[in-house]
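The values are calculated or read from the model by the stated rules, or taken from the named source; none is laboratory data. In this text the structure is predicted, and so the values were computed from the model without any measurement. Using ideal geometry, Cβ is built from the backbone for each residue, glycine included, and neighbour counts are taken over all protein chains shown.
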Amino acid sequence: MDNKHSNQNKRTQPTKQELCLRELISRGKRGMFQLEALSSYGETCLNSTISTLANEHGLIVRRVPHYHKNQHGGKTRFTRYSLVHPASIVKAQSMIEHYKAERLKLIDGLR
């Protein structure tokens, strides 16, 4: 596959911000932490994605400590993220729709 087709394929797939927003909305107040994001949609740097959503898109993201028992019996600290502010949930839904519309336009243009 050449670079042109590779780049087009990447742009027709959901972005990691979109996948993160979908997951945050579907999980509600419970939210998610790094290991759940990795398992759910392959996210390897949830803190950076959350930072982008908060700092560049203005979403208010709740952050609470989450302790996970590791395979050796010790506790590992993560941060659990969730969208609980109503305006941020509405904005996140709008962002998802925007990302989806942009992908669909590109897909239609490839046909």
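Given the condition of a type outside the set (A, V, I, L, M), surrounded by 11 or more Cβ atoms within 10 Å (Cβ to Cβ), more than 13 Å from Lys16 (Cα to Cα) and without any contact (Cβ under 8 Å) to a residue 60 or more places away in the chain, answer yes or no: does some residue in region 34-46 qualify? Spell out how you get there, then give the answer.
Restricting attention to region 34-46, the residues satisfying the condition of being of a type outside the set (A, V, I, L, M) are 34, 36, 39-45.
In the following step, the residues that additionally are surrounded by 11 or more Cβ atoms within 10 Å (Cβ to Cβ) were identified as 34, 36, 40-41, 43, 45.
Now drop any that are not more than 13 Å from Lys16 (Cα to Cα), which leaves 34, 36.
Next, only the ones that are without any contact (Cβ under 8 Å) to a residue 60 or more places away in the chain stay: 34, 36.
Yes - at least one qualifying residue is present in region 34-46.
Can you pull out the residues in region 60-78 that are crowded, with 16+ Cβ neighbours inside 10 Å and assigned to a strand (DSSP E or B)?
His66, Phe78
Out of Thr49, Thr15, I need the residue that is modelled with pLDDT under 95, out of contact with any Leu (no Cβ under 7 Å at 6 or more places or on another chain) and closer than 15 Å to Ile96 by Cβ. Which one?
Just one listed residue meets the conditions, Thr15.
Quick one: how many residues across region 66-102 are more than 19 Å from Glu43 (Cβ to Cβ) and touching a Lys or Arg at 6+ places or on another chain (Cβ under 7 Å)?
Residues that pass the stated criteria total 4.
With the structure loaded, tell me whether Leu53 is in contact (Cβ under 8 Å) with a residue 60 or more places away in the chain, part of a helix (DSSP H, G or I) and crowded, with 17+ Cβ neighbours inside 10 Å or whether it fails that test.
Against the criterion (in contact (Cβ under 8 Å) with a residue 60 or more places away in the chain, part of a helix (DSSP H, G or I) and crowded, with 17+ Cβ neighbours inside 10 Å), Leu53 does not qualify.
Would you please name the residue that is nearest to the chain's Cα centre (by Cα), looking only at residues in region 60-85 that are polar (S, T, N, Q) and under 19 Å from Lys29 (Cα atoms)? Don't jump to the end; show me each part of the working.
Of the residues in region 60-85, the ones polar (S, T, N, Q) are 70-71, 76, 79, 82.
Next, only the ones that are under 19 Å from Lys29 (Cα atoms) stay: 79, 82.
Numbers: Thr79: 14, Ser82: 11 Å.
Looking at the filtered set, the residue picked out is Ser82.
Would you mind stating whether Lys105 is modelled with pLDDT under 95, within 16 Å of the chain's Cα centre (by Cα), assigned to a helix (DSSP H, G or I) and among the basic types (Lys, Arg)?
Taking the combined requirement at face value, the residue does not satisfy it.
Got a sec? Which of Lys29, Lys16 is touching a residue at least 12 places away in the same chain (Cβ under 8 Å) and under 10 Å from the mean Cα position of the chain (by Cα)?
After ruling out the rest, the residue left standing is Lys16.
Using beta carbons and a limit of 9 Å, which pairs, at least six apart or on different chains, have the first residue in region 67-95 and at negative phi and the second one of a type in the set (Asp, Glu) and not in a strand (DSSP E or B)?
Arg80/Glu36; Met95/Glu18
Scan region 82-95 for residues that are surrounded by 17 or more Cβ atoms within 10 Å (Cβ to Cβ) and part of a helix (DSSP H, G or I) and jot them down. Give the derivation first.
As a first pass, look at region 82-95 and keep what is surrounded by 17 or more Cβ atoms within 10 Å (Cβ to Cβ): 82-83, 88-89, 91-92, 95.
Correct list: Ser88, Ile89, Lys91, Ala92, Met95.
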